[in-house]
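The block underneath contains the structure these notes are about, expressed in structure tokens.
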Amino acid sequence: SDAICNFVICNDSSLRSQPIIFNPDFFVEKLRHEKPEVFTELVVSNITRLIDLPGAELAQLMGEEDPKLPGANSTASGFFRSLMSLKRKEKGVVFGSPLTEEGIAQVSQLIEYLHKNLRAEGLFRVPGNSIRQQILKDALNSGTDIDLDSGEFHSNDVATLLKMFLGELPEPLLTHKHFHAHLKIADLTLFDEKGNKTSTPDKERQIEALQLLFLILPAPNRSLLKLLLDLLYQTAKKQDKNKMSAHNLALMFAPHILWPRNVTANDLQENITKLNNGVTFMIKHSQKLFKAPVYIRECARLHYLGSRAHTSKDDLDLLTSSGSKELQPLKSQKRSRLDSCHQEETQQRTEEALKELFRHVHNMPDSAKKKKLIRQFNKHPTALTPGSDVPTSPAPRRTRSRSFSGLIKRKVLGTPIILERRSRDTTPEPARVSKENVQLLQKCGSPAHMSQAKLKSLEGQKEDSCRRMRTRLLSKDSSSL
């Protein structure tokens, strides 16, 4: 079935009164899962519109090249890197393994518990008890059910274990491929009146860039990131109790979700401030970052429903530029493809489109094109009325010829020539013209292209010839007398 349903039939009577919730990103998610290549190309093309990514960094974002990360070739702090890599080699079912839906299901228990205990002072900063943390870690790895509300574990134990889980992932939650893109997003600032960059962050562009970047994250990473940022957002809202602001939380989580693996603070150097501020920005605006931009929603919707969508403003502009003559064959083709069961719906859509077209034409600036279109509306009112058949063009009215040839013939011959047509197929009888007039016509050229000056000269020549003939006749009469 080519119809896309936006509602669910529910047999539970207790839920029938609940409002139907339609996901505005439905077609975005559908395009992501069904045509990932088309979806990625659409999103990345808009990312490069916002931030400048050189060829190598763009290839890394697309996964075409291995990410080139800071500190990869440095020999400094080798002991710390080897120590961190050894910790991550101790893989379990959840901790130390690549992110999976099963791992997210286990860790979501920790996040759900922390939502109920956000008032603990120093949450995520004060470490928990190492023994209780190990017991809890083994339980999560084994997949056993855990009753965190029993009082056996403290909120600091759970918070520290959540950071441990993120730190032991093979790569950061925001992935290595996206590292350079996040650095570029941190550099997005406003411009002054002269077009020069300022130090004020451009929050709107940063939000839009993060929305796009999160869309091409792997599905498990995006799911867990949403859960985590929402938890940190709620934690920062209660900073009067837990003393943890968004910036303090960013300092705790930036190394786990954004810093590349096996790097130290010395490797990042000046980028540490950018990365920490970037995570702070994510926490503060987390409620906006997981919605696809409007134009991405519209592109995804048109990808599936474009042929059945209402006419947009751009479509109306296209119809206007092509002229009203193209509307008739277009309407007839649509009408021939419609089934009888859809005629009523199509009739309503056509009426709305024509009304919008008429309003659009009248709102156009004054121009020759606008006047031409308005004349077409006035000339064919029934043709642009919804529901009316395509009218046949009326027979052209016969008008009296007012060409220069007719004027010349009347001047030359001295009598009006009446051309009568008894039917369309009959041709007018050719007018009889004297030899002198024919010579004059040939001498003057095509009558249809003569100017008024030539007409006057032609009349003068005729009058001169008449005078000469009268003079000859008078001289002959006088000689005979």
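Brief remarks on what is shown
- Checking each residue in the range 250-277 for being open to solvent by 40 Å² or more (accessible area, probe 1.4 Å) and of a type in the set (S, T, N, Q) picks out Asn262, Asn266, Gln269, Thr273, Asn277.
- Residue check, Gly195 touching a His at 6+ places or on another chain (Cβ under 8 Å) and either assigned to a loop (DSSP other than H, G, I, E, B) or modelled with pLDDT of 95 or more (or both): no
- Taking first residues from the range 85-114 that are closer than 15 Å to Pro220 by Cβ and at pLDDT 95 or above and partners that are in a helix (DSSP H, G or I) and open to solvent by less than 50 Å² (accessible area, probe 1.4 Å), the Cβ contacts under 6 Å between residues at least 6 apart in sequence or on separate chains come to Ile111/Leu231.
- Hey, Lys163 within 25 Å of Arg222 (Cα to Cα) and either open to solvent by less than 50 Å² (accessible area, probe 1.4 Å) or aliphatic (A, V, I, L, M) (or both) or not: yes
- Residues that are open to solvent by less than 30 Å² (accessible area, probe 1.4 Å) and in a loop (DSSP other than H, G, I, E, B) within the range 278-299 comprise Ser286, Leu289, Phe290, Ala292, Pro293, listed in sequence order.
- Top-ranked residue of the range 69-82 - restricted to ones that are among the hydrophobic types (A, V, I, L, M, F, W, C) and surrounded by 12 or more Cβ atoms within 10 Å (Cβ to Cβ), ranked as modelled with the lowest pLDDT: Phe80
Residues checked against (1) open to solvent by 70 Å² or more (accessible area, probe 1.4 Å); (2) within 30 Å of Glu37 (Cα to Cα):
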{"site": "Ala186", "(1), (2)": "no, yes"}
{"site": "Glu204", "(1), (2)": "yes, yes"}
{"site": "Phe214", "(1), (2)": "no, yes"}
{"site": "Leu228", "(1), (2)": "no, yes"}
{"site": "Leu231", "(1), (2)": "no, no"}
{"site": "Gln239", "(1), (2)": "yes, no"}
{"site": "Ser245", "(1), (2)": "no, no"}
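- Residue satisfying all of: in the range 119-152; without any contact (Cβ under 8 Å) to a residue 40 or more places away in the chain and open to solvent by less than 40 Å² (accessible area, probe 1.4 Å); farthest from Leu232 (Cα to Cα) among these: Ala139
- In the set (1) in a helix (DSSP H, G or I); (2) within 15 Å of Lys284 (Cα to Cα); (3) touching a Ser or Thr at 6+ places or on another chain (Cβ under 8 Å), Pro220 fails one condition alone, (2).
- Only one entry in Asp52, Asp2, Asp66 is part of a loop (DSSP other than H, G, I, E, B), at pLDDT below 55 and touching a helix residue (DSSP H, G or I) at 6+ places or on another chain (Cβ under 9 Å), namely Asp2.
- The set of residues from the range 145-165 being among the hydroxyl-bearing types (Ser, Thr, Tyr) and either assigned by the TED database to the domain that holds Ala254 or closer than 10 Å to Gln106 by Cβ (or both) is empty.
- For the range 112-136, the set of residues classified as part of a helix (DSSP H, G or I) and either among the aromatic types (Phe, Trp, Tyr) or under 46 Å from the mean Cα position of the chain (by Cα) (or both) consists of Glu112, Tyr113, Leu114, His115, listed by residue number.
The values are calculated or read from the model by the stated rules, or taken from the named source; none is laboratory data. Quick caveat, the model's predicted, so the values are computed rather than measured. As a convention, Cβ positions derive from the backbone with ideal geometry for all residues, glycine included, and neighbour counts pool all protein chains shown. Note: areas computed on protein heavy atoms with side chains; ligands, DNA, RNA excluded. Shrake-Rupley method; radii C 1.70, N 1.55, O 1.52, S 1.80 Å.
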